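The values are calculated or read from the model by the stated rules, or taken from the named source; none is laboratory data. Given the structure is predicted, the values throughout are model-derived calculations rather than measurements. FYI the Cβ positions are ideal-geometry reconstructions off the backbone, even for glycines, and counts take in every protein chain you see. Ligands, DNA and RNA are excluded from the accessible area calculation, which covers all protein heavy atoms including side chains. Shrake-Rupley method; radii C 1.70, N 1.55, O 1.52, S 1.80 Å.
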Amino acid sequence: MSTPTPFANSSEPARAATTPAPAPLITRRPRHRTARTAPATGIDPALRTPVTVSPAQTHAWATFLAETVHNGLDPALVTQWLTILADATGSPVLPSLASMPLAEYVELRLPIILAGLETTTHVPYLAGWHHRIEPDLGHLPIRLVTTGTIANAVDSWIPEGCSRSTIKNTLAMLFRTLEQAAVDGLIERAPARVTGWQSAYQQAEDELLDPRALALRDWDALTKLAAALVDASYNHYRGWGDVVIHGACTATRIGEVSGVRARDIDTTNWLLTCRRQTTPAPGGLVDKHTKGKEARFIPIIEPLRPQIIRRLQAARGDPDARLYTGPRGGRISTAVLRDATQWDDVTHDLGYEHLRRHDLRHTGLTWMADAGIPLHILQQIAGHKEITTTQRYFHPDIRELAKAGEALTRYLVEQLRLNGQIPHRW
């Protein structure tokens, strides 16, 4: 049985269920956008028209949302969708437009959003849209793009090595889009602008200059941390320790650990396919693609294999079973792991006051770099877009620098001797 779509079997004219044609470019007033409106009604004909929701439409939406709940969508998120539709019923905005994902809205209104900008500004704005906004927020209905979801997105862009100007241009494009949505009447007003990200950027920049300093020193330190977190958790849930060990051994984010399914494990070649992550969203945690939007392959080292086998046995042959869940079978996020294990107290007692959940990824990448994995291979494992981000894990320590200096001294002395000269005391 196929999943019903909204407005199926409805009495509304067919034009309401189709995507409206983009409105033509308009003349813009300074500092704000205006929509083209019909003189008689004051309504933008491309996006807004008086509508009465029929019983058939209501039934279609109820059936559609019931199917999504059956397929695993968080009921709290469905409640928010229903609220959106209820609000739209009493407004001149079509429910199909009120629940339109951000990505579809930008595709529909891009000329209006960019109107009035210098052509040279289009490039950084569109880059911010395609590389950051669309992957992280494009799936959300416009009315669910809030200040909180935007702040969470910015927090994820910073560790990826984005420059200040890149984040600034990305946010400018995002808020320009939301301001236009407010003009079109799809939202009451644009969300408040995100503040404070510059200080968070400075902190992340300082850390990323030397991510090696954030890594755990060895395997013994990792296993002790995992055991301490399990002991501090309610009912000593072993799964929290497994999440920590998996994250460090595969250099993956906590959300990516949560996204692993049984079918992502290749026990013949001992490879993990990292293709999804769990991320916060309005209404709860949801699964989505990884940051790079592409699957990447990660070797499963021998110390991790017994844990993987045990987890696969618990899945009982279900290829879609999650390998790692909370004690009640729920999704895991970095905040869930922190709260459930009393992370801050445990790390403080172990002398790791600096350690965050993301530093498990730093640990894995540092260990791999020290093991001699080539730079381009480590970049693929990490999923870094820029190789300069990966290079930071190859910073030599003081001993290696000293050895390099000694080698240069020996070389210079040898050159003097070959030329028949007596080296002087340096």
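Checked against (1) polar (S, T, N, Q); (2) more than 28 Å from Gly383 (Cα to Cα); (3) without any contact (Cβ under 8 Å) to a residue 60 or more places away in the chain, Gln198 meets all criteria but (2). Among the residues of segment 276-299, is there at least one that is at negative phi, assigned to a helix (DSSP H, G or I) and either open to solvent by 60 Å² or more (accessible area, probe 1.4 Å) or touching a residue at least 40 places away in the same chain (Cβ under 8 Å) (or both)? No, every residue in segment 276-299 fails to be at negative phi, assigned to a helix (DSSP H, G or I) and either open to solvent by 60 Å² or more (accessible area, probe 1.4 Å) or touching a residue at least 40 places away in the same chain (Cβ under 8 Å) (or both).
In segment 122-149, the qualifying residues are those that are in a loop (DSSP other than H, G, I, E, B) and of a type outside the set (Ser, Thr, Tyr), and the one that is nearest to Glu188 (Cα to Cα) is Val145.
Selection of segment 352-387 for residues being closer than 14 Å to Ala226 by Cα and assigned to a loop (DSSP other than H, G, I, E, B) yields Tyr352, Leu355, Arg356, Arg357.
Which of the residues that make up segment 364-379 are surrounded by 14 or more Cβ atoms within 10 Å (Cβ to Cβ), out of contact with any Cys (no Cβ under 9 Å at 6 or more places or on another chain) and in contact (Cβ under 8 Å) with a residue 12 or more places away in the chain?
If the condition is that a residue be surrounded by 14 or more Cβ atoms within 10 Å (Cβ to Cβ), out of contact with any Cys (no Cβ under 9 Å at 6 or more places or on another chain) and in contact (Cβ under 8 Å) with a residue 12 or more places away in the chain, then Leu365, Thr366, Met368, Ala369, Leu378 are the ones that fit.
The set of residues in segment 183-199 that are in a helix (DSSP H, G or I) and open to solvent by less than 30 Å² (accessible area, probe 1.4 Å) contains only Trp197. Got at least one residue in segment 223-231 being of a type in the set (D, E, K, R), modelled with pLDDT of 95 or more and over 14 Å from Ile309 (Cα atoms)? Yes, segment 223-231 has at least one match. Taking the listed residues Leu216, Leu222, the one that is crowded, with 20+ Cβ neighbours inside 10 Å and in a helix (DSSP H, G or I) is Leu222, with no other qualifying.
Check Glu256 against each of (1) touching a Ser or Thr at 6+ places or on another chain (Cβ under 7 Å); (2) open to solvent by 50 Å² or more (accessible area, probe 1.4 Å); (3) of a type in the set (Asp, Glu) and name the one condition it does not meet. It is condition (2) that Glu256 fails. Taking the criterion of being under 22 Å from the mean Cα position of the chain (by Cα), buried (at least 21 other Cβ atoms within 10 Å of the Cβ) and at pLDDT 90 or above, would at least one residue in segment 335-342 satisfy it? Within segment 335-342, one or more residues are under 22 Å from the mean Cα position of the chain (by Cα), buried (at least 21 other Cβ atoms within 10 Å of the Cβ) and at pLDDT 90 or above. The single condition among (1) more than 26 Å from the chain's Cα centre (by Cα); (2) at pLDDT below 95; (3) acidic (Asp, Glu) that Asp220 does not satisfy is (2).
Residues of segment 132-175 that are touching a residue at least 24 places away in the same chain (Cβ under 8 Å), within 16 Å of Leu110 (Cα to Cα) and surrounded by fewer than 20 Cβ atoms within 10 Å (Cβ to Cβ): Glu134, Gly138, Ala172. When Ala262 is tested against (1) open to solvent by less than 20 Å² (accessible area, probe 1.4 Å); (2) in contact with a strand residue (DSSP E or B) (Cβ under 7 Å, 6 or more places away or on another chain), exactly one condition is not met: (2). In this structure, Gly284 qualifies as under 29 Å from Ala153 (Cβ atoms) and in contact with an Asp or Glu (Cβ under 6 Å, 6 or more places away or on another chain).
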